[in-house]
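See structure below.
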């Protein structure tokens, strides 16, 4: 993969659009001016052609293997397993794989078969803060990537880790006080090589 290429010298009067999170492997949009991160930040993008994250991660079978590996790991974790102590759907792994498929650029399998983002948030809301559980769930995801062999390409691994970190710390559990706070009709958010693609707007919009 092409390494980042650095642009011409800075025009101090030029206004730059900055993105705070820089992927590990990226190519630079030729119209961008690149400066040291400590001074102004970098505006980078992944150059993966037309392949979605879903496709690069192995498609349907890749998502299913990853979901199964993560589920097995969290059930063995003494903290994260508490979230499943009251039972779970027998097809939880398939549901999770369908959700990741849709979120990462694949077909809308979850929305067509199981529900929308609001239904997912309701399942995970009203349980109060659980930072340690979140931290360990993220560690389990990182291990699952290794176990199934997804992410030998550093860019794929990094974008999947970025997605799961965002989903766990900023999305799925954000209504920790009460599930009654969850808005209705939210769409499943999509994640690309550049991060979050769209907001969780209502299906009614």
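So between residue 86 and residue 169, what do we pick up on full extension, going 0.36 nm a residue minus the alpha carbon distance?
Full-extension gain reported as 27.6 nm.
Could you please rank 94, 78, placing first whichever residue has the fewest other Cβ atoms within 10 Å of its Cβ?
Arranged by neighbour count, lowest to highest, 94, 78 become 78, 94.
Only the coordinates and a few stated rules stand behind these numbers; no lab work does. As the structure is a computational prediction, the values presented were derived from the model and not from experiment. Cβ sites come from the backbone with ideal geometry, for glycine too, and all protein chains shown count toward neighbours.
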